[in-house]
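K.L.:
For reference, the structure I am asking about is given below.
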Amino acid sequence: MQPRVSIQTEDFDLSAEVQRLRATDKGVGAVCTFVGTVRDRNDGQPVSAMELEHYPGMTEAAIEAMIDEAHRRFDILGARVIHRVGALQPLDQIVLVAVTSAHRGQSFQACEFLMDYLKTQAPFWKKEQTPEGARWVDARVSDDAALARWGIEARNA
Amino acid sequence: MNRIQVRYFASIREALGTGSERIETSAATVAALRAQLIDRSPAHAQALAHGKAVRSSLDQRMVADEATAALHDGAEVAFFPPVTGG
């Protein structure tokens with residue numbers, strides 16, 4: 001059985017993950033995926049590298065709970081989340097959310113729901129290298145607002 | 001007295017120079033524990049100051065209200081800045 005959640009330093013292969021997620025279910029008619037990547041700029045500053053810290057154990061449990069919630073809210077067949085930690089560079093992939101359903105609407109929605117949830121409720125922290133030194137990334141109020149659309153109060157930023 | 005494993009992450013971990021400490025405390029809630037930690041050192045007072053953007057978890061679940069999050073012997077409490085993954 002493929003795990004639903006992986007926290008890893010290694011990169012991931014989008015097509016291999018999609019292949020695995022839908023391989024065993026002939027009821028799948030839609031796959032929606034989101035990939036987050038490292039930008040070379042943030043808040044007006046060039047970013048040359050990034051370090052991602054997390055809370056081992058809690059991170060996995062939090063995302064598992066989010067996937068359970070996505071199954072309760074949407075008519076989806078499967079979900080897979082991969083989040084990388086450690087040292088990352090611009091262009092690197094950070095996060096994958098992939099969701100399957102019979103028809104597109106439910107997987108589109110569940111994919112966005114999972115990302116909105118993850119942004120404000122999963123214990124990850126980004127530290128960026130800029131020309132002025134390293135800095136911890138500030139949480140965005142807009143991410144709390146994104147989760148509020150689903151009727152969940154984030155209270156993160 | 002409860003024995004609590006306290007963990008720190010990201011900027012708070014850096015400010016305190018440690019990722020965890022074991023504490024014996026009479027504090028009954030996460031809020032009371034945070035108040036006691038603030039009295040521990042100037043670094044704690046700065047990093048965990050009230051009014052600062054500090055989030056917490058109890059037994060690896062996000063705490064919505066520190067004042068009602070009840071501690072127990074063996075609990076794991078973490079303090080960290082707002083999360084920024086994804």
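K.L.:
In the stretch B:1-14, which residue that is under 23 Å from B:Asp73 (Cβ atoms) and out of contact with any Phe, Trp or Tyr (no Cβ under 8 Å at 6 or more places or on another chain) is farthest from the other protein chains (Cβ to nearest Cβ)?
P.N.:
It comes out as B:Met1.
K.L.:
Sticking with this structure for a sec: In contact with a helix residue (DSSP H, G or I) (Cβ under 9 Å, 6 or more places away or on another chain), within 14 Å of another protein chain (Cβ to nearest Cβ), assigned to a helix (DSSP H, G or I) and charged (D, E, K, R), is that true of A:Asp144? So that I can check it myself, show each step before the final result.
P.N.:
Details: in contact with a helix residue (DSSP H, G or I) (Cβ under 9 Å, 6 or more places away or on another chain): yes; within 14 Å of another protein chain (Cβ to nearest Cβ): yes; assigned to a helix (DSSP H, G or I): yes; charged (D, E, K, R): yes.
Criteria met by A:Asp144.
K.L.:
With the checklist (1) touching a helix residue (DSSP H, G or I) at 6+ places or on another chain (Cβ under 7 Å); (2) at pLDDT 95 or above in hand, flag the one item A:Leu77 doesn't pass.
P.N.:
(1)
K.L.:
Same structure, new question: Pull up the stretch A:147-157, narrow it to residues that are among the hydrophobic types (A, V, I, L, M, F, W, C) and in contact with a helix residue (DSSP H, G or I) (Cβ under 6 Å, 6 or more places away or on another chain), then point me to the one that is nearest to the other protein chains (Cβ to nearest Cβ). If you could, list the steps in order and put the result at the bottom.
P.N.:
We begin by selecting, within the stretch A:147-157, every residue among the hydrophobic types (A, V, I, L, M, F, W, C); these are A:147-148, A:150, A:152, A:154, A:157.
Those left that are additionally in contact with a helix residue (DSSP H, G or I) (Cβ under 6 Å, 6 or more places away or on another chain): A:147, A:150, A:154, A:157.
Numbers: A:Leu147: 11, A:Trp150: 15, A:Ala154: 9, A:Ala157: 5 Å.
Only one residue tops the list, namely A:Ala157.
K.L.:
A further question on this structure: Is it true that some residue in the stretch B:15-34 is under 24 Å from A:Gln121 (Cβ atoms), surrounded by 17 or more Cβ atoms within 10 Å (Cβ to Cβ), without any contact (Cβ under 8 Å) to a residue 40 or more places away in the chain and within 11 Å of chain A (Cβ to nearest Cβ)?
P.N.:
The answer is no; no qualifying residue exists.
K.L.:
I would also like to ask the following. Go through (1) among the small types (Gly, Ala, Ser); (2) over 11 Å from the mean Cα position of the chain (by Cα); (3) within 14 Å of another protein chain (Cβ to nearest Cβ) for B:Ser56 and report which single condition fails.
P.N.:
Single failed check for B:Ser56: (2).
K.L.:
Any residue that is surrounded by fewer than 16 Cβ atoms within 10 Å (Cβ to Cβ) and within 11 Å of another protein chain (Cβ to nearest Cβ) - is there at least one of those in the stretch B:35-51?
P.N.:
No, that holds for no residue.
K.L.:
If you check A:Ser6 against the conditions, is it part of a strand (DSSP E or B) and either of a type in the set (Ser, Thr, Tyr) or more than 16 Å from B:Val83 (Cα to Cα) (or both)?
P.N.:
Yes: the conditions hold for A:Ser6.
The values are calculated or read from the model by the stated rules, or taken from the named source; none is laboratory data. Bear in mind that the values here come from a model prediction, so they are computed numbers and not experimental data. Note that each Cβ is placed from the backbone with ideal geometry, even for glycine, and that neighbours are counted across all protein chains shown.
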